[in-house]
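Everything on this sheet refers to the single structure shown next.
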């Protein structure tokens, strides 16, 4: 069975119409997966940092723990905020909070996501 002349090239045209949609979907899945992975890493880093702050009452050690937990992201200590600076039980705020921020940049310039600031936050009661 042979195709008639008007049907020649129809598959190529259909493929050309479908490829941009499929490519956009695949790139969106990849970028969303990266953002989700980074967000999970930030949350874990904040949790590790606040655990150190709550138990050791040491801001530098808390920042170090948070940056070490997110080594793959290369977060500087300046992007880790610890509050309060003194985690003593007699303080009016008996909880410590660590916030880690990261500037997410999409791998592909194809999707118009722009730069997103992702934040991980952890809170824990001082001294356990």
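Where a number appears in this text, it was derived from the coordinates with a stated rule and is not lab data. Not measured: the values here are computed from a predicted model. Cβ sites come from the backbone with ideal geometry, for glycine too, and all protein chains shown count toward neighbours.
Rounded to the nearest 10 degrees, the inclination of helix 10-56 to the longest alpha-carbon principal axis of the chain is 10 degrees.
The helix-only estimate of mean residue ellipticity at 222 nm for the chain, built from DSSP H runs of length n ≥ 4 each weighted as -39500 (n - 2.57), is -16500 deg cm²/dmol after division by the residue total. Give the calculated FRET efficiency between residue 8 and residue 30 to the nearest 0.05, with a Förster radius of 35 Å applied to their Cβ-Cβ distance. Here the calculated transfer efficiency is 0.50. Relative to the longest principal axis of the Cα atoms of the chain, the long axis of helix 59-69 makes an angle of roughly 30 degrees.
Suppose R0 equals 25 Å. What FRET efficiency, 1/(1 + (r/R0)^6) with r the Cβ-Cβ distance, do residue 18 and residue 40 give to the nearest 0.05?
Details: r = 33 Å, r/R0 = 1.31.
After rounding, the FRET efficiency stands at 0.15.
For segment 8-125, the calculated P(r) over all alpha carbon pairs, in 5 Å bins from 0 to the bin holding the longest distance, is 2, 12, 18, 15, 12, 9, 8, 6, 5, 4, 3, 2, 2, 1, 1, 0, 0 percent.
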